[in-house]
Every structure is written in structure tokens, then in C-alpha cells.
Amino acid sequence: SFFGGIGGASRNGILIKGSNYLEALNRTETVVFDKTGTLTKGSFTVTRTAPASGFTEQQLLDYAAHAEGSSNHPIALSIRRAYGAAVDAGRVSEQEELAGRGVRVKVDGKTVLAGNAGMMEDADIPFETPGENGTVVFLAVDGAYAGYLVISDEIKPDSRKAIPALKKAGVKTIAMLTGDNRAAAEKTAAELGIDTVYAGLLPAQKVERLELLDSRKPPKGKLLFVGDGINDAPVLARADIGVAMGGIGSDAA
């Protein structure tokens, strides 16, 4: 029966590493999701450009597009689409990705920071907190706050079906771990009926929250994590059952 189950899953595009995972699925008590690209489509659109005093909308998009010029992340792609022009790689140097924060790069010799609120806090740069729901990318140029972009995503139709189905199947706890800001995370969770939300997490913090959830499940229960992207690889490995999504997901995950 295990071979039949594994074979049937493969015909539907699902690769199961072994029969022990099929057996463990039957005892799943806790299901934990990543947000972006897992519960949501990962197809982003820039919905607001909010420059700070001394900067224009076009300047903000220009700095953001060049800072994110070498990234294939869906958020970076949405910024470059909003910019609407080719990125000039000759203007860019000294690129550095800061895990769970954003990128630091030189554009026209100026130091540009593009990332989340934590990046601004780490650099001691005062910034405006937007009221909109969505992923927010803050920018600073040579230590001066330059403004922010709001980037919106869309929940997958399948996600709206999956959460009630899991609850009906007897899953006791459904949680979400995300590096996104709390407002965007809570909005998604509320729409889907997810019980527990941990937002603004670095990759290592995702593992810590997963271990916390794991400690709360019944002794014989199993924890399943559904993720997407290279930052989820440690969490996928730590869960009793790790489900790596296809589509925009990373091969490393």
C-alpha cells in the first residue's frame, strides 16, 4: 500500500522520499506554513511609492531597482517592472545581501540600503511606518531615509480550501511563519483562518518558532512544515515532515 501511495502521488507531481513520511502524515497534529509563494501566489505588484522629503518617486524606484537589480526574487522582479527601464549594471557595485534584512549596495557611488524595518533599525535610520497592508521595502541613501515601496501579493485559491480541509481532517494547530511585516502577515492569516502567526522573522528565528510549536504538540503527534525558497531549507529539515513547494521554490529547499 505504501508503494501504491508513493506511486499515486508521483503521478500527481508529488515526490515522497519514503514510506515513513506517509505513515507520519497520518499522525500530523500541527501544520506550519511559510507565507510568500506558499499561501500566496508570490506574484507581486508595487501598489504605492512613497518618497521621503528630498526624493522623487522616480528616484526612489531608480535606487530600488538598481539595488535589487541582480535578484530573481519575486519582490525584486516587481520593483524592476514598476521601474519600467533596464537596470544599468555599470552604476552598481559592492552588493551585499543581509539575511532576513535586505541588500546593501553602491549605486552611483552612494550607499543604498533596501530592505525591511529591521534593516533601518540596525542602521539607526528613522523611518516612517506605513499604514497599508502589504510587504514594505524601505530605502535609505547615504544614511538618509529615502522612502518606501508597498508591494502587494495575492492569496492562492487553493490556500482558501486547504486550511478548512486540514482542520476538518483533525489537524489541531495551524500556524504561519514569515519574514514579512506583522500587518501583512495578520491580514493573510485572518483571511485564511490560521490560528497562530509569527511575523518579521529571520531564518534562524523561523527554526526557533518551529521548535516552540513542536514542543507544544502531543508526544505522538507530528509537525509538518510547508515552505518555499532557500530561507526555508533549515525549517524544512527540522520539521518531522517537510513539504517543499514547486513553482518559484528553490532547488535547495
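The values are calculated or read from the model by the stated rules, or taken from the named source; none is laboratory data. The structure presented is a predicted model; accordingly, all values stated were derived computationally and were not measured. Here the Cβ positions follow ideal geometry from the backbone for every residue, glycine too, while neighbour counts run over all protein chains shown.
A few notes on this one:
- Candidate set from the range 194-208 (those that are of a type outside the set (S, T, N, Q) and more than 15 Å from the chain's Cα centre (by Cα)); member that is surrounded by the most Cβ atoms within 10 Å (Cβ to Cβ): 194
- Tabulated pairs, the range 228-247, first assigned to a strand (DSSP E or B), second among the aromatic types (Phe, Trp, Tyr) and at pLDDT below 80, C-beta under 7 angstrom, 6+ apart or interchain: 241/21
- Subset of the range 183-205 (residues that are polar (S, T, N, Q) and part of a strand (DSSP E or B)): 196
- Filtered residues of the range 193-223 (kept if under 20 Å from residue 156 (Cα atoms) and touching an Asp or Glu at 6+ places or on another chain (Cβ under 7 Å)): 197, 199
- Of all residue pairs spaced 6 or more apart or on separate chains, those with beta-carbon atoms under 8 Å, a first member in the range 83-106 that is not assigned by TED's automatic domain parsing to the domain that holds residue 202 and a second member that is modelled with pLDDT of 90 or more and hydroxyl-bearing (Ser, Thr, Tyr) are 104/111; 105/93; 105/111; 106/93.
- Take the conditions (1) within 23 Å of residue 184 (Cα to Cα); (2) of a type outside the set (Val, Ile, Thr); (3) outside any strand (DSSP E or B); residue 90 misses just one of them, which is (1).
- When we screen 114, 64 for residues that are crowded, with 22+ Cβ neighbours inside 10 Å, outside the structural domain of residue 183 (by TED's automatic domain parsing) and in a strand (DSSP E or B), the only hit is 114.
- The range 214-231, subset closer than 30 Å to residue 73 by Cα and modelled with pLDDT of 90 or more, residue surrounded by the fewest Cβ atoms within 10 Å (Cβ to Cβ): 214
- Check on residue 56, without any contact (Cβ under 8 Å) to a residue 12 or more places away in the chain, among the β-branched types (Val, Ile, Thr) and outside the structural domain of residue 201 (by TED's automatic domain parsing): yes
- For the range 71-104, residues that are surrounded by fewer than 17 Cβ atoms within 10 Å (Cβ to Cβ), under 19 Å from residue 37 (Cβ atoms) and among the charged types (D, E, K, R) total 2.
- Summed over the range 133-172, residues that are hydroxyl-bearing (Ser, Thr, Tyr), surrounded by 18 or more Cβ atoms within 10 Å (Cβ to Cβ) and modelled with pLDDT under 95 total 2.
- Residue identified as modelled with pLDDT under 90 and not basic (Lys, Arg) among 100, 54, 90, 109: 100
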